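Each remark here refers to the structure printed beneath this line.
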Amino acid sequence: MIYDYYCDKCDKQWEESHSIADRDKPVGQACPCGKGGKICRGVCAPGLSFEGSVSKIRKVGSGPKR
């Protein structure tokens, strides 16, 4: 999974790929910016794709005639 991280001092933001069990591994470590900030995990939405999983929405009564 891809998680968002940011520095609490310099507001630098980046993404890293980790397993769910290791998602908090970088949290609390020193930011690479060198300004004494700590790494925090941001809130991100999961990537979802509904393409092909739902039929097209049609007006009532506009479907094929039977």
*Evaluate the range 5-12: report whether one residue or more is modelled with pLDDT under 80, out of contact with any strand residue (DSSP E or B) (no Cβ under 6 Å at 6 or more places or on another chain) and assigned to a loop (DSSP other than H, G, I, E, B).*
yes
_Can you pull out every residue in the range 13-32 that is within 14 Å of Val43 (Cα to Cα) and in a loop (DSSP other than H, G, I, E, B)?_
Arg23, Asp24, Val27
_Of all residues being surrounded by 14 or more Cβ atoms within 10 Å (Cβ to Cβ) and not hydrophobic (A, V, I, L, M, F, W, C) in the range 10-23, which is farthest from Gly36 (Cα to Cα)? Just the residue, please._
His18
*asked:* For the list (1) modelled with pLDDT under 65; (2) touching an Asp or Glu at 6+ places or on another chain (Cβ under 8 Å), I need the number of the one condition that Ser55 fails.
replied: (2)
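Can you find even one residue in the range 41-48 that is among the charged types (D, E, K, R) and modelled with pLDDT of 90 or more? Even if it seems obvious, please write down each step before you answer.
From the range 41-48, those among the charged types (D, E, K, R) are 41; that's our starting set.
Cutting the leftovers down to modelled with pLDDT of 90 or more gives us 41.
Yes - at least one qualifying residue is present in the range 41-48.
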*asked:* Six or more apart or on different chains, Cβ atoms under 8 Å: show the pairs whose first residue is in the range 25-44 and loosely packed, with under 12 Cβ neighbours inside 10 Å and whose second is part of a loop (DSSP other than H, G, I, E, B).
replied: Gly36/Lys9
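The values are calculated or read from the model by the stated rules, or taken from the named source; none is laboratory data. Everything quoted here is computed from the prediction, not taken from an experiment. Note that each Cβ is placed from the backbone with ideal geometry, even for glycine, and that neighbours are counted across all protein chains shown.
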